[in-house]
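The values are calculated or read from the model by the stated rules, or taken from the named source; none is laboratory data. Keep in mind it's a predicted model, so treat the numbers as computed, not measured. Ideal geometry is used to build each Cβ from the backbone, glycine not excepted, and the neighbour counts take in all protein chains shown.
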Amino acid sequence: MSGYFRTALLLAAMTALFVGVGWLIGGQQGMLIAFVLACGMNLFAWWNSDRVVLGMHNAQPIAPADAPRLYAMVQALANRAGLPMPALYVIHEDQPNAFATGRSPERAAVAVNTGLLDLMEEREVAGVVAHELAHIKNRDTLIMTMTATLAGAIGMLAQFGFLFGGRGSDGRSNPFGPIGAILLVILAPIAATIVQLAISRSREYEADRVGAEIAGDPMGLASALARLEEYKQGRINQAAEANPASAHLFIINPLSGLRMDGLFSTHPATANRIAALRDLAGRMGPPPGGRGFVPRVAAPARQAGPWSAGEQRNPWG
């Protein structure tokens, strides 16, 4: 089953779950009211999602003069992907990580943690950036905003149904009664979360594949994933821990304690992703010259970057 078809099925399941919860709470009238409310929530999320998530993580914009090598790399990769240059942001977190956001390629942004720039090799950073550009190219950022909004709406509706005590808007008991209302408030959000996370895991595999093709170097991204998994240990991403709903946006799970490719994991197991990239590398063959993608720009003398901490140096300045 292709990633796009699976995502479409999961989105359909999320929508059906939302409509079903609305019907159980208030019949046709309740379903209509809930649908209108959800449309408003989706419109707000569609218009403001990039600003909201960047603000959650205190992301700061990067100008070309701030990090010319990084800017040149992203520009070259965006050109290879056939995308406009996204806005660049930096997040002051020691944990190496990155994410993309925005409702369309024209309104997209890529945010990288300082830990990524400080700890990773250039080939690996290119793989991470290409992965994020793949999310933009595939419009995953919009898909994930929609699923997150629907999941939140389902939880809200379930709470609303509990307050009604299992009665519809016409005053008659719904088929499940008060006990059903209790089960609804417990099970509906869980079901919505399962669907949301399944969509996230599906899109990560697809972004790995497309990102590796953009960079022309599956093993560069595979190496990056391995080091991201290693280096995140013991480095707490404070902003992500404070806003766990945004965890699915990152290239690798930024939260502590979730390491299994299980039902409630925001990401596939890193080992599974690396295995898929190795298989892709075998089909693609080695990159030209035996090296991964590196921008053809001169590296200026190392100097303290605008986000450097203490004596730490910015290798991308």
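Some notes on this structure:
- Verdict on Tyr89 being assigned to a helix (DSSP H, G or I) and either among the aromatic types (Phe, Trp, Tyr) or more than 16 Å from the chain's Cα centre (by Cα) (or both): no
- Looking only at the range 77-86, residues that are touching a helix residue (DSSP H, G or I) at 6+ places or on another chain (Cβ under 9 Å) and in a helix (DSSP H, G or I) come to 4 in all.
- For Met1, the criteria (1) at pLDDT below 70; (2) in a helix (DSSP H, G or I) hold in every case but one, which is (2).
- The lone exception for Ile33 - which of (1) closer than 21 Å to Gly211 by Cβ; (2) free of Cβ contacts under 8 Å to residues at least 12 places away in the same chain it fails: (1)
Condition check ((1) in contact with a Ser or Thr (Cβ under 6 Å, 6 or more places away or on another chain); (2) free of Cβ contacts under 8 Å to residues at least 24 places away in the same chain; (3) part of a strand (DSSP E or B)) across all residues:
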{"site": "Ala100", "(1), (2), (3)": "yes, no, yes"}
{"site": "Glu124", "(1), (2), (3)": "yes, no, no"}
{"site": "Val129", "(1), (2), (3)": "no, no, no"}
{"site": "Glu132", "(1), (2), (3)": "no, no, no"}
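- The lone criterion from (1) of a type outside the set (Phe, Trp, Tyr); (2) modelled with pLDDT under 95; (3) over 28 Å from Pro286 (Cα atoms) left unmet by Met120 is number (3).
- Candidates in the range 102-122 are the residues that are part of a loop (DSSP other than H, G, I, E, B) and touching an Asp or Glu at 6+ places or on another chain (Cβ under 9 Å); of these, the one that is surrounded by the most Cβ atoms within 10 Å (Cβ to Cβ) is Ala108.
- Failed item, numbered, when Ile252 is tested on (1) modelled with pLDDT of 90 or more; (2) farther than 30 Å from Gly155 by Cα; (3) not in a helix (DSSP H, G or I): (2)
- Against the numbered list (1) over 23 Å from Arg203 (Cα atoms); (2) of a type in the set (Ser, Thr, Tyr); (3) surrounded by 23 or more Cβ atoms within 10 Å (Cβ to Cβ), Tyr71 comes up short only at (3).
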